[in-house]
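Novice: This structure is in structure tokens; I'll ask about it shortly.
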Ligand code: CDP
Ligand code: CDP
């Protein structure tokens, strides 16, 4: 059985940074599931068809990290058939030995409810906006607006809304430097591995 680490949380909370570091530390595969929704939104046309026909090239499109692509992603992500179309790929990815780290919104709640470790990464709205604005070279106030709007849509939708799994470990990165956030996550995974050896 592969070891699965599910990481969820609101926009720009530090999920991806933690997911990449855990994958590299433990030698696991990593999937940024947000990219699937961003690529679906960016493809245009009927989002259900776009999600079903997603190709590796679609994941390489330029500008997938932009705020506009984030908004488009969150709109198509509310469509149940889009989520269903992207589910199979995520499940196959999660089944790879020796283990996989997936980060998104519904990994611990819907995609991998039996994951050995579930992390829910949060940070204050202001800190998240400042970090993402610095990353994209954009205005902090605009970014705060963008993130809050997306979080609202992601939490309030009927299909796989953003929320922590009941057994998720919450990591608040508001006052943590990247290295501290990573160390906290590694420690959480390590203690879960000791409690539930493979
Ligand atoms: O994947 P997610 O959107 O949740 O966030 P991310 O892309 O990992 O992090 C958003 C930005 O915050 C990146 O520029 C990270 O380098 C930065 N970051 C940070 O400054 N401090 C942390 N503890 C975690 C992330
Ligand atoms: O990096 P950031 O947290 O800003 O966004 P992302 O993880 O790339 O996700 C972009 C959008 O895709 C989110 O706002 C969600 O609407 C959607 N998404 C989702 O619904 N389920 C996932 N597992 C991952 C992303």
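Only the coordinates and a few stated rules stand behind these numbers; no lab work does. Predicted model only: the values in this text are computed from it and were never measured. All Cβ positions, glycine included, derive from the backbone under ideal geometry; neighbour counts span all protein chains shown.
Novice: With the requirement that a residue be surrounded by fewer than 17 Cβ atoms within 10 Å (Cβ to Cβ) and not in a loop (DSSP other than H, G, I, E, B), what does the stretch 155-171 give you?
Specialist: 155, 156, 170
Novice: Please find, within the stretch 110-125, the residue that is surrounded by the most Cβ atoms within 10 Å (Cβ to Cβ) out of those that are within 14 Å of ligand 2 (Cβ to nearest atom) and assigned to a strand (DSSP E or B).
Specialist: So, considering only residues that are within 14 Å of ligand 2 (Cβ to nearest atom) and assigned to a strand (DSSP E or B), the one surrounded by the most Cβ atoms within 10 Å (Cβ to Cβ) is 119.
Novice: Kindly provide the set of residues from the stretch 104-137 that are away from ligand 1 (no atom under 12 Å from the Cβ) and out of contact with any strand residue (DSSP E or B) (no Cβ under 9 Å at 6 or more places or on another chain), ordered by number.
Specialist: Matches in the stretch 104-137: 110, 125, 126.
Novice: So which of 90, 71 ends up being surrounded by fewer than 18 Cβ atoms within 10 Å (Cβ to Cβ) and farther than 16 Å from residue 159 by Cα?
Specialist: Matching residue, one of 90, 71: 71.
Novice: Would you be able to tell me the number of residues in the stretch 126-154 that are assigned to a loop (DSSP other than H, G, I, E, B) and in contact (Cβ under 8 Å) with a residue 40 or more places away in the chain? Explain how you work it out, then say what you get.
Specialist: Of the stretch 126-154, the ones assigned to a loop (DSSP other than H, G, I, E, B) are 137-139.
If we keep only those that are in contact (Cβ under 8 Å) with a residue 40 or more places away in the chain too, we end up with 138.
Qualifying residue count for the region: 1.
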